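Report on the structure given below.
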Amino acid sequence: MSHLGHHISHTRRAVVRGSAGALAMGLAVGLAACSSGSKPATELDPDAGVTITWWTGQADQAQTILEGLVDEFEEDHPNVTIEISSGAPSTEDLLQKLSSSFAGGTYPDISYAFGSWASELAGSGRTLDITDQVQDDAEVKWDEFSGAAQATAQPEGGPTIGFPAVVDNISLIYNKTVFDDAGVDYPTADWTWEDFRDAAADLTDPATKTYGYGYSVSGSEETTWQFWPHLWQRGGEILDGSEATFDSPEGVEALTLLQEMAVDDGSVYLDQTDTKFGTFFASDQIGMITSGPWMLYDLQTAGTDYGVVQLPGVDGNHTTISGADIWAMFDHDDPNREYWSYEFMKWLTAAEQDERWNVVYGNLPLRESEIDSPEFQKQIEAMPGIEVMAENTSNATIPRPTVSGYVQLSEAIGTAISQVLQGQAEPQEALGQAADEATAALEDE
């Protein structure tokens, strides 16, 4: 089932979080016979008949769009048959399906994969290494993908194991009604976090239960991933090898800002559920949220008067976070299948096709070059502000770690952030304890 497009938001990250338990089961299995309906080719013959299998992880409209693109590719390449299916009952089930298929030798040539699975898939011994192709093939225009998307497809700096499939990022969304009622100037693209804090305080009105900002304190990945841009913009890092380093001075400074807003200023609505702050923002009870393109559909439906700018920054650094996912590619020791899997992915992720897939479906375009396309202009009319988020892709330069143990790391720091924002702990102590827990989890993997 698709979790993309208009309803990607919390569903998406909850899916990643919920399926993360499957990550621990270890995908590195003993090599089994490769799946193939016929004897594998030993030498490349691009004109030979070939069948490749594609698990899309999609359903409904998204799957229909992709099936239409497959029909078009097959018409242009009569010797190629693409067996397309969702691959599993839901996207989050794909990881377990892949693990089982590795053991049985029935794995596909291409599969949708959450970015958080990338390292596990790379460690399976089944992925296809396309590093040389994407670097040497000028037609791919690999550099047009965001830095985070490129890095996600190249987990832990190793081989490139697929193409970017979906990109997103978080931007600052502001409620014009709340700003107007408070007489506060709208955010600008050059805002600092100090500007943000001042505005949040000015927007807050206990009498009307209006808050300047909304933040998750559930301790989930929603809590965690909202924090990483604060850390990165200050020059901090999540990891140094297998050691958690988010308790650095940069991390403490970042969390202290949020603590001051939540505890000292009382300007932050602390959401225990991950779901209420968006609803309250839409109903003019919160002035600002940091969220992504998935939120715009709901705001349009609610009739909320909103605007979008890139995240506030530190010394001109406006780094954001992206939840990039990939089309993972797998090796069957068959040069014909390898060749056509690569050619199909190259074709699908080219701007012309992406405009008819991600853009038409309501996702951000994979490439900035698509922003001026007629298809994306239609999306801008339907969901104003999505063009700002597309441009913000250039600020998505750092990927979330895809290492085993990230789930435990996220839980540890998510708990620390939640405690600090609720006045139950201090940043240095809470982050230090979380880093110790995260490092221990990483060492156990």
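The values are calculated or read from the model by the stated rules, or taken from the named source; none is laboratory data. Keep in mind the model is a prediction, meaning the values are calculated, not measured. Don't worry about glycine lacking a Cβ; one is built from the backbone with ideal geometry, like all the others, and counts go over all protein chains shown. SASA here: full protein model, heavy atoms, side chains in, ligands and nucleic acids out. Shrake-Rupley method; radii C 1.70, N 1.55, O 1.52, S 1.80 Å.
Quick notes on this one:
- Residue check for Leu299: under 30 Å from Asp185 (Cα atoms), within 24 Å of the chain's Cα centre (by Cα) and open to solvent by 40 Å² or more (accessible area, probe 1.4 Å): no
- Considering segment 96-194, the qualifying strands (runs of 3 or more DSSP E), each wholly inside and each with 1 or more residues that are in contact (Cβ under 8 Å) with a residue 60 or more places away in the chain and farther than 30 Å from Glu352 by Cβ, run over 171-175.
- Boolean, Ile398 is surrounded by 24 or more Cβ atoms within 10 Å (Cβ to Cβ) and in contact (Cβ under 8 Å) with a residue 40 or more places away in the chain: no
- Test for Asn169: is it farther than 14 Å from Ile321 by Cα and surrounded by 24 or more Cβ atoms within 10 Å (Cβ to Cβ): no
- If you go through segment 195-205 and keep only what is assigned to a helix (DSSP H, G or I) and either among the hydroxyl-bearing types (Ser, Thr, Tyr) or surrounded by 20 or more Cβ atoms within 10 Å (Cβ to Cβ) (or both), you end up with Phe196, Arg197, Ala199, Ala200, Leu203.
- Remark: pairs (first residue in segment 372-383, over 13 Å from Tyr361 (Cα atoms) and open to solvent by less than 30 Å² (accessible area, probe 1.4 Å); second residue part of a helix (DSSP H, G or I) and charged (D, E, K, R); Cβ separation under 6 Å; 6+ apart in sequence or on different chains) = Ser373/Glu355.
- Condition check for Phe179: at pLDDT 95 or above, more than 21 Å from Gly323 (Cβ to Cβ), open to solvent by less than 40 Å² (accessible area, probe 1.4 Å) and in contact with an Asp or Glu (Cβ under 8 Å, 6 or more places away or on another chain): yes
- Residue within segment 319-327 that is assigned to a helix (DSSP H, G or I), among the hydrophobic types (A, V, I, L, M, F, W, C) and either under 23 Å from the mean Cα position of the chain (by Cα) or closer than 24 Å to Asp109 by Cβ (or both) present: no
- Residues in segment 278-285 include none that are within 21 Å of Arg400 (Cα to Cα) and either within 23 Å of the chain's Cα centre (by Cα) or at pLDDT 95 or above (or both).
- Here Thr64 passes the criteria (1) of a type in the set (Ser, Thr, Tyr); (2) open to solvent by 30 Å² or more (accessible area, probe 1.4 Å); (3) in a helix (DSSP H, G or I); (4) modelled with pLDDT under 50 except the one numbered (4).
- Residue selected from segment 82-92 under the condition open to solvent by less than 60 Å² (accessible area, probe 1.4 Å) and free of Cβ contacts under 8 Å to residues at least 40 places away in the same chain, by the criterion farthest from Val50 (Cα to Cα): Ala88
- Taking the numbered list (1) under 20 Å from Met288 (Cβ atoms); (2) surrounded by fewer than 19 Cβ atoms within 10 Å (Cβ to Cβ) in turn, Gly235 passes all entries but (1).
- In summary, helices (runs of 4 or more DSSP H) completely within segment 354-445 and bearing 3 or more residues that are hydroxyl-bearing (Ser, Thr, Tyr) occur at 406-421.
- Scope segment 108-128; condition surrounded by fewer than 24 Cβ atoms within 10 Å (Cβ to Cβ) and over 21 Å from the mean Cα position of the chain (by Cα); matching residues: Ser124, Gly125, Leu128
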